[in-house]
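Okay, so here's the structure we're looking at.
The values are calculated or read from the model by the stated rules, or taken from the named source; none is laboratory data. This structure is a prediction, so every number in the text was calculated from the model and none was measured. FYI the Cβ positions are ideal-geometry reconstructions off the backbone, even for glycines, and counts take in every protein chain you see.
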Amino acid sequence: MILLRLGAVAVLITTIATTTSCSKSGGQPARAHAEGVRSAGFVLFEDDAGLDFVHQVERSEAFRICEVNGAGLAVFDADGDGDLDLLCLDCGRYPCGAPNRLYLRDANGRYVLADGGPGLAEPDFSEGVALGDVDNDGDLDLFIANVGPDRLLINDGKGRFEALPAELSGIGDPGYSTSASFFDYDLDGLLDLYVCRYVAIDDRKTCTGIDGRRDYCHPAVYAPLPDLLYHNLGGGRFENVSEKLGISALASYGLGVVCLDVDDDGDQDVYVANDSRPNFLWLNDGGRGFEEAALVNGLAVNGQGMPEASMGLAVGDVDGNGLVDLFVTHLRAESNTLYLRQPGGFVDGTARARLSAASLPATGFGTVLFDMDNDLDLDLVVANGSVGRLERALPGATKGSPWEFYAEPNHLYRNQDGLFSMEPELGGDFCADVQPSRAMVAADLDQDGGLDLVVGNLGGPTRLYRNRLPVGRYLKFRVLDDHGRDAIGATVTIRVGEGRLQRRVAFDGSYLAALAEPVHFGLGEADRADQVVVVWPGGERQDFGPAEAGRVHVLRRAQR
Amino acid sequence: MKFAAAALAAVLLALVFACGEGGEPLTLPSPPDLKDVEPAVAEAITRDYAVLVAEPDETNLDRYGRTCLAYGLGSDAAAVFENLITARGPTFEREYLAGRAYFLSDRERARQHFEAAWSIRKDYPALAICLGQIVEEAGELDRALELFRAADAADRSGTVPFALGRIAMAQGDAELALKELARARVLAPRHRPLLNLYVQALVRVGRKDEAEALQKELGSEQEVGATPVLKIVDPLMNEVYRQRVSFLGLVQRAEAAARAGAMAEAAKLYERAFAAKGDERSLIRNIAKAHHEAGELEEASVWYRRALEDSPRDAGLIYELGRIEFQLERVPEGIKLMNEAKDIDPENLAVRRLLAIALWNRDPRTALTHARYILRKQPDNVPMHLIVARIHLEAGREDEGRAEIEIIRKLDPDNEEARKLFREYLKK
């Protein structure tokens with residue numbers, strides 16, 4: 001994060017409720033949404049939904065970089081009742097931390113703070129989260145990436161989580177972890193884990209913005225950390241194979257990660273968004289090792305040859321050529337970057353897609369490619385928020401908040417034939433809110449077929465935006481492997497008339513966030529997909545025939 | 001300058017002023033919002049704004065706009081240049097600087113101004129490159145090519161072939177990209193972003209071994225913050241920016257040194273800041289004062305005299321210079337300066353006090369006049385009573401002298417000077 005003109009201000013070093021001790025105090029009630037005319041598009045509804053989570057983080061006089069990076073969230077069915085619950089990560093005061101909060105969705109669509117079990121009650125300075133069924137017992141477990149020892153939390157199936165001791169699980173690295181992803185790199189049927197790591201925090205480092213005020217340092221001031229790769233041995237045990245498989249050969253400032261098959265060889269590769277350094281593309285050699293190959297594949301730097309402050313990641317085929325593209329968010333004054341996949345590799349297609357200039361005034365974090373109106377193509381949202389103090393607070397920022405000068409409006413882009421246009425009116429409250437936003441996912445919370453948005457804000461409330469756009473038809477797929485587990489790494493392709501749409505089965509992406517819900521396709525006017533094909537991890541292809549619109553289909557892998 | 005006063009003056013000036021050239025009226029810009037701006041920056045901007053309010057003309061407005069641009073107040077700068085464009089008509093400089101003011105915050109408006117500048121003048125490579133970059137970002141690659149090519153002949157930095165190469169890459173023409181990037185590489189052989197694209201281009205044309213060898217040679221470390229635009233020739237912006245970076249830092253360091261009491265160091269730093277930005281005349285007083293407080297009287301005298309060139313009727317400045325002359329024992333010059341200050345500001349008691357002290361044995365009558373003037377305002381001023389007493393006693397006016405000494409003894413019974421004077425009188 002290159003801190004441009006971003007001084008920090010002593011008078012704004014106002015600490016917040018949980019900052020005076022390492023207590024396990026709870027969150028504050030969410031601030032009511034400002035009075036006024038509610039817009040169409042994505043409409044704020046957390047007040048109605050009972051969500052009262054407010055992210056807690058102290059702005060210390062040390063200006064530790066972890067304070068400004070925000071905390072993640074996860075949307076998934078924690079208690080197995082079929083709806084989407086919400087896990088909000090918290091930071092508190094470094095290094096004490098704060099407990100993370102699990103909100104279970106009840107039958108009325110309200111989010112109720114739940115006892116998430118002892119694993120979530122422990123105070124941690126948490127940043128990112130990964131979802132995956134690590135023990136193949138049919139429920140989703142959690143990896144919490146902390147500034148401090150990471151945690152692996154096992155779900156009892158009812159939404160109560162227990163931390164596996166590091167001595168048992170092999171997971172508990174004490175460094176600064178950010179985003180993470182569960183994926184099965186060696187196709188042994190067990191989910192392995194990739195963990196991005198950021199910097200070695202050093203309180204001796206002090207920095208100022210160009211206006212001379214104290215502010216958060218550029219990450220390059222600190223030593224970078226190599227990422228971690230854990231191999232799932234079964235029984236809740238993991239082996240750190242970072243060195244053995246080549247991951248620890250390079251250190252950088254990892255913030256975002258997605259796992260996908262970039263080279264079409266049937267195994268899952270890893271793409272890492274690095275802050276201010278070239279991104280990594282770890283090509284998986286069939287589980288035998290990983291080779292970094294981002295530059296030669298056109299994914300390390302932007303079209304100007306520049307490494308950027310990469311943070312959030314979104315995956316999807318935006319131009320309908322049947323190849324998966326990657327979108328990466330960046331700092332203010334850098335554009336976000338759309339890497340379009342072409343037969344020879346990736347090219348920077350940001351300008352051609354009209355995504356360049358619009359993103360320059362903001363710092364993007366969480367991002368999602370999703371079909372917001374179910375019109376078949378993938379639209380784009382970006383959660384924005386500065387990492388350095390802006391010269392002036394933007395209109396609409398929360399007055400008096402310690403993060404007032406870090407708040408920026410979010411962006412929503414509509415995709416029309418591969419060209420994106422910024423559409424704040426369609427964005428509604430999502431675009432009108434001016435917050436220092438960080439993590440974000442798009443999920444069909446109310447199961448009406450339209451994807452809603454969940455946004456985590458630095459030092460502010462987590463917000464839910466209901467999708468009130470007129471949406472076309474849709475269908476969803478729960479894609480299960482032969483263990484009955486979500487088939488992370490599979491791809492689903494549907495044929496609608498002459499067109500083909502592709503989505504991956506994945507819980508990773510965006511920034512510090514995780515989402516586990518059925519794979520969603522907009523169908524436009526069509527009442528069914530004419531053909532559904534799944535390519536399973538390893539490359540095996542299975543044809544499921546047609547599928548009707550408006551429901552969730554379960555696609556099970558044939559027994560091998 | 002007090003900013004509040006400037007703001008008030010701005011309001012009183014009814015927001016519109018004419019520039020004395022018979023042109024359209026220019027609008028006085030709103031006072032800049034400097035609430036959270038670094039003090040040194042705020043001071044620089046406030047000063048120029050105050051100058052503009054005091055002398056609202058085109059020159060000062062233009063200067064204020066450039067200052068805003070230099071310090072990153074893009075919207076304020078843009079408002080100024082747009083004001084000038086509206087009232088005085090478009091010129092290349094106004095349009096270009098307005099474009100630069102919007103360059104980071106509003107690409108669309110930046111483009112409008114750059115396009116206007118381009119319609120006026122097409123031989124300014126930096127404009128072609130800036131506009132080309134915006135057009136490239138907008139995905140209009142053919143137009144971007146046209147603009148970059150317009151700057152090609154003048155470019156010695158590699159910027160243009162680099163741009164041509166990356167556009168060719170985006171257009172899928174790896175062969176052309178490689179050719180252009182190779183040309184850029186000759187001009188900028190160590191520019192890492194260029195080399196990154198060069199590696200990609202090698203891969204795309206099937207020269208993988210070369211690509212891998214080059215990548216290995218380059219290593220994994222990348223220059224943080226490397227600019228994609230190489231060092232292009234841009235005299236206009238260089239002029240604007242030259243003032244800023246070194247100037248601000250030096251002023252801040254000078255202020256810190258002054259706060260710490262290291263006045264000689266502060267004076268040196270202020271002088272360096274002044275050298276970095278020679279038109280910041282207000283620094284001259286700081287330099288003079290710092291030298292003065294450091295005891296460097298000759299230097300202080302020189303800088304105060306420079307300050308007087310800008311403000312010849314500033315009684316405060318003349319007084320300070322006079323003090324220095326007295327300290328340097330150049331009393332006649334000091335007296336001359338104090339008399340000048342007194343003529344400008346007859347009620348300045350500090351000036352009259354120094355005159356009374358300097359003149360009591362040279363021109364007792366005049367000294368008495370000054371001392372009495374002070375005593376009318378400050379009846380308890382013991383030193384002035386002492387001077388009056390001494391003048392009376394020296395002149396043989398014993399009663400008046402004794403009366404003054406009595407006053408002093410009442411005001412300050414332990415005053416050693418008065419006792420000494422009284423003893424001298426008794427001896428006589």
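One residue stands out among those in the range A:391-408 that are closer than 20 Å to A:ALA309 by Cβ and touching a Leu at 6+ places or on another chain (Cβ under 7 Å): the one that is surrounded by the most Cβ atoms within 10 Å (Cβ to Cβ), which is A:TYR406.
The residue that is farthest from the other protein chains (Cβ to nearest Cβ), among those in the range A:303-322 that are at pLDDT 95 or above and part of a loop (DSSP other than H, G, I, E, B), is A:GLY312. Selection over the range B:153-168 of residues that are within 33 Å of the chain's Cα centre (by Cα) and away from every other protein chain (no Cβ under 13 Å) gives a count of 4.
Please determine whether any residue of the range A:432-454 is acidic (Asp, Glu), assigned to a strand (DSSP E or B), under 30 Å from A:GLY539 (Cβ atoms) and away from chain B (no Cβ under 14 Å). Scanning the range A:432-454, I find no residue that is acidic (Asp, Glu), assigned to a strand (DSSP E or B), under 30 Å from A:GLY539 (Cβ atoms) and away from chain B (no Cβ under 14 Å), so the answer is no.
The single condition among (1) more than 13 Å from every other protein chain (Cβ to nearest Cβ); (2) at pLDDT below 95; (3) touching a Pro at 6+ places or on another chain (Cβ under 8 Å) that A:VAL387 does not meet is (3). May I ask you to verify whether A:VAL382 is under 29 Å from B:ALA110 (Cα atoms) and assigned to a strand (DSSP E or B)? Considered against the rule, which asks whether it is under 29 Å from B:ALA110 (Cα atoms) and assigned to a strand (DSSP E or B), A:VAL382 comes out as yes. Out of A:LEU331, A:LEU369, A:LEU340, one residue alone is closer than 25 Å to A:ALA439 by Cβ, part of a strand (DSSP E or B) and not polar (S, T, N, Q). It is A:LEU369.
A count restricted to the range A:346-357 and to residues that are more than 7 Å from every other protein chain (Cβ to nearest Cβ) and part of a strand (DSSP E or B) stands at 1. Among (1) basic (Lys, Arg); (2) within 12 Å of another protein chain (Cβ to nearest Cβ); (3) farther than 14 Å from A:MET306 by Cβ, there is one condition B:ARG192 misses while meeting the rest; what is its number? Of (1) basic (Lys, Arg); (2) within 12 Å of another protein chain (Cβ to nearest Cβ); (3) farther than 14 Å from A:MET306 by Cβ, only one is false for B:ARG192: (3).
When B:ILE120, B:ILE134 are checked against the criterion of being crowded, with 21+ Cβ neighbours inside 10 Å and either more than 14 Å from every other protein chain (Cβ to nearest Cβ) or among the hydrophobic types (A, V, I, L, M, F, W, C) (or both), B:ILE134 stands alone in meeting it.
When the range A:331-345 is limited to residues that are over 18 Å from B:LEU197 (Cβ atoms) and touching a Ser or Thr at 6+ places or on another chain (Cβ under 7 Å), the one that is nearest to the other protein chains (Cβ to nearest Cβ) turns out to be A:ARG332. Here A:ASP325 fits the description: more than 13 Å from chain B (Cβ to nearest Cβ) and of a type in the set (Asp, Glu). The set of residues in the range A:219-236 being surrounded by fewer than 20 Cβ atoms within 10 Å (Cβ to Cβ), over 15 Å from A:ASP184 (Cα atoms) and away from chain B (no Cβ under 14 Å) consists of A:GLY235 alone.
When restricted to residues that are surrounded by fewer than 24 Cβ atoms within 10 Å (Cβ to Cβ) and away from every other protein chain (no Cβ under 13 Å), the range A:249-266 contains 6. Screening B:ALA126 on (1) within 14 Å of chain A (Cβ to nearest Cβ); (2) farther than 20 Å from B:ARG63 by Cβ; (3) in a helix (DSSP H, G or I); (4) touching a residue at least 12 places away in the same chain (Cβ under 8 Å) shows it passes everything except condition (1).
Assess whether A:ASN274 counts as being at pLDDT 95 or above, within 11 Å of chain B (Cβ to nearest Cβ) and under 24 Å from A:LEU512 (Cβ atoms). Yes. Is it true that some residue in the range B:153-163 is farther than 25 Å from B:GLU82 by Cα and charged (D, E, K, R)? Yes; the residues of the range B:153-163 include at least one that is farther than 25 Å from B:GLU82 by Cα and charged (D, E, K, R).
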